[in-house]
Amino acid sequence: MALPAPNAPDDLLGRYRTARTQQALFDVRSSAGSGYDEFVDAAGEVRPAWQELADCVADRGRSGLDQLRGVVRSLVDNDGITYIQVGRHGSVLGQASTNGHGAAEPGPWHLDALPLVLSAEDWATLESGLLQRSRILDAVLTDLYGAQRSITGGVLPAPLLFAHPGYVRAARGIELPGRHQLFLHGCDVSRAADGGFRVNADWTQAPSGAGYALADRRVIAHAVPELYERIGPRPASPWAQALRLALIDAAPESAEEPVVVVLSPGIHSETAFDQAYLASVLGFPLVESADLVVRDGKLWMRSMGTLKRVDVVLRRIDAEFVDPLDLRADSRLGVAGLVEVLRRGAVSVVNTLGSGILESPGLQRFLPDLAQLLLGEAPELAGPPMYWGGINTERSHILNHLPRLLIRPVTGGPTIVGPSLSSVQREDVAARIQVAPWQWVGEDLPQFSSAPTAQRSGGLSAADVGLRLFTVAQRGGYAPLAGGLGYLLAPGDAAYTLNTVAAKDVWVRAPSRVGVEWTPPVDLPAITPSPTRAVSSPRVLSDLFWAGRYAERAEHMARLLTVTRERYHEFHYRREMDGSECVPVLLTTLGTITGTDTGADGDHAEMVATAQSTLWSLTADRQRPGSLAQSVERLGLVTRAVRDQLSNDTWMVLAALERALLSSPGALPDSQADGEAFLSATCNLALAGMLALSGVAAESMIRDAGWTMMDIGKRIERGLNLTALLGATLTTVRSPGAEQTITESALVVLESSVIYRRRMLGRVDVSAVADLVLFDADNPRSLAYQLDRLRAGLKALPGSSGSSRAERLVDDIGTRLRRLDPDDLDDVVDGRRVELAALLDGMHRDLRELSAVITATHLSLPGEMQHLWGPDERRLVP
């Protein structure tokens, strides 16, 4: 019997079935092979909802799936989708990080190339149960901070409410406008072995993942357009529009043109991308605590020395960190006085403070009883059986079944996974439960279905899956996101706490028969929000200022490294020539500009001997100040902090740069050819990337205060680089051959060599060089041009008086430059061009002073607005 072709459908399905069986044998917890399979039925036949995907996979074959995986990875990188892992055992989901400490680096977002497909019937079941669950939780939240019938009626034991950290006493009496107190709801769901859906967690504090879900849809739709067209899943964009309208509608009644902002913990939050992307999709500013201030009982957003009233805050930080006055005193993420503004009804914060109580395991244990009390309904989407230690029979069940339960403290803290406990640990947990039984809830282990994944090479494999669903409050109820955020669960016991290894796009099929209907989200009245053209707070402007500086710094370093490397190879074996002196001069210049040691202790032979390792370090070592890799890394940090201000094309360019520079080998390769190839390719890519970013900024950004500040940073950095370069290369008189090569090298770095050769026909004249790169206002690389742009930029900033300290300083620099004659700069005293050296040193010093003045006057918090804990310590920018 002939073997099937490698790409035959039966071959791929056979491998998939084998993977399911093996997973079931080696992982007794896994549902794969023993639980519900989303892809194939008990007879091994592909389920109808998945037929198009099965055909697509069969057509592609194993090699096609590998290629598809690469396409998805590339699209994720191009879109700049990242995730910061902060001790979650591989999790790529969860709540936003809210402690504000640490500086973990953003890592890649892992996205499976194959979507999770839901039939119209399955979605109808999920949608109905999800909408009801949102209504139940809304009723519970309203009651707990209102009449508290659940407590007085004896349904919910009082300690389960007041002992949980999610209950915020300061929020009692604070109400959102409208019918609903729960604004946004995230719900983790999986399918049990019997095919029914079970709720594993509710997220009501600051639900994360909706931004990732929207971004994942964009990636997968581009990666498999033919499959997307054939299945035609229900779109996710209507939900984003419903969320936008709901945020506007959540404003206090007094707000005529509501201003809405998204409050983020900052770029070191685990889900910083999720927050920034959602803000971009919604069209609302992404702000941090430094952008907001309370004045006169109202919340304001800072904007270039002025204040703009804020009416609605979509918060992505935990409630306890929202206000250091009324809540957690050590918080650096909140706004002092915000709780008082809420009490006055002058602002709406969603989700409302105190909504985190709905995540309490103690409350979840009594949720069916609460639903019956408050709504007279039983939950359609049930959670796993739960047992409270405060009830004798349930406590006995917990103690007798510890190895088969999740143990959750009702006072907050990590979940204890029973199957992972040793006998000694079980005894310790049992003792703790017996000491304070009311503090513990036991929960049956969650069950998961399996679905096909292309995460591993070699075709299809099976993996346990779950999904996070989202709803947003509307005037008439709740609107669901069609689909949500799917995920592949981590192997072993880590899955029980919903730790994951990759995300999945979720496709909901449209109804194909009569009787299965769906309705679009409820439309709200078209309230006109106040236009928020840009956030121009000191924080945002500071990040954009440094984005301009780091981009220019990286471009200059790429040019200088390229020229130095070329001169090194040109003269390495020709040291007897006059021109060879340019190599140690350029290496010394690199050390001067970066402030690092390049072996410049006067020993030129040592510098040349170690040139390759020096060039490698200045290219690829992120820890070396001023290196190309460090500049690109910090450019990535500051741009991600203002992602909502920048074009989507920015991330395509930046991702390619980061892949090349931040994934480089840790040390210089043994092979000289390999090292040279890397250095050449990296510098060329960096230069091309910086030029592309410059083009994106020039052609895609609105000329607002943010763009102006970024351009100011660029002009200051270009002036600093220019004066430092010329000071290190042209102020000392050398032999004619050395002068020739050094001058030409400097002109190449300054992108002015072509026009210089055209003017001077190959002659070397330092005064002519100075005329071109210092005095010629028509040369975009000259110092005069930078000063003109700085003068125009400072004048364009809101609130400019024409006589500010920064503007006066620029005028003084320009005046001194205009008074000089280029011919005087060629005067030599004791082998040194003293006039040129004095000019360059003075201009360099003045530009540094200008940067400090701009930072102090435009990019720092005013003294009266300083946080209670002192100056902002978050910035690590030198």
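The values are calculated or read from the model by the stated rules, or taken from the named source; none is laboratory data. Fair warning: this is a prediction, and the values are worked out from it, not measured in the lab. Using ideal geometry, Cβ is built from the backbone for each residue, glycine included, and neighbour counts are taken over all protein chains shown.
Before moving on, here are some points about what is shown:
- E566 vs. criteria part of a helix (DSSP H, G or I) and free of Cβ contacts under 8 Å to residues at least 12 places away in the same chain: yes
- Of G713, G719, G727, all but one fail to be within 25 Å of L850 (Cβ to Cβ), under 25 Å from the mean Cα position of the chain (by Cα) and not acidic (D, E); the exception is G713.
- Residues of segment 751-778 that are in a loop (DSSP other than H, G, I, E, B) and in contact (Cβ under 8 Å) with a residue 60 or more places away in the chain: E751, D765.
- Where a residue in segment 227-241 is in contact (Cβ under 8 Å) with a residue 12 or more places away in the chain and its partner, wherever it lies, is of a type outside the set (A, V, I, L, M, F, W, C) and part of a helix (DSSP H, G or I), with Cβ under 6 Å and at least six apart: R230/E52; I231/E52; A236/R217
- Failed item, numbered, when P252 is tested on (1) touching a strand residue (DSSP E or B) at 6+ places or on another chain (Cβ under 7 Å); (2) assigned to a helix (DSSP H, G or I): (2)
- Here W109 fulfils each of the conditions (1) at pLDDT below 95; (2) surrounded by fewer than 16 Cβ atoms within 10 Å (Cβ to Cβ) apart from (2).
- Condition met for P258 (surrounded by fewer than 23 Cβ atoms within 10 Å (Cβ to Cβ), touching a residue at least 60 places away in the same chain (Cβ under 8 Å) and touching a strand residue (DSSP E or B) at 6+ places or on another chain (Cβ under 7 Å)): yes
- Verdict on A705 being on the phi < 0 side of the Ramachandran plot and in contact with a Pro (Cβ under 8 Å, 6 or more places away or on another chain): yes
- Residue pairs meeting the criteria (Cβ under 6 Å; at least 6 apart or on separate chains; first over 18 Å from A768 (Cα atoms), in segment 710-737; second among the basic types (K, R) and modelled with pLDDT of 95 or more): G713/R549; R715/R789; E717/R549; E717/R553
- Lone unmet requirement of (1) surrounded by fewer than 24 Cβ atoms within 10 Å (Cβ to Cβ); (2) touching a Gly at 6+ places or on another chain (Cβ under 9 Å) for T562: (2)
- Residue within segment 67-82 that is farther than 30 Å from A656 by Cβ, at pLDDT below 90 and surrounded by 15 or more Cβ atoms within 10 Å (Cβ to Cβ) present: no
- Pair list, Cβ < 6 Å and 6+ apart or interchain, from segment 100-114 residues that are under 26 Å from H222 (Cβ atoms) to residues that are modelled with pLDDT of 70 or more and of a type in the set (D, E): L111/D216
- Residue in segment 268-321 that is nearest to the chain's Cα centre (by Cα), counting only those that are polar (S, T, N, Q) and assigned to a loop (DSSP other than H, G, I, E, B): T271
- Note on segment 433-455: residues that are outside any strand (DSSP E or B), in contact with a helix residue (DSSP H, G or I) (Cβ under 9 Å, 6 or more places away or on another chain) and hydrophobic (A, V, I, L, M, F, W, C) total 5.
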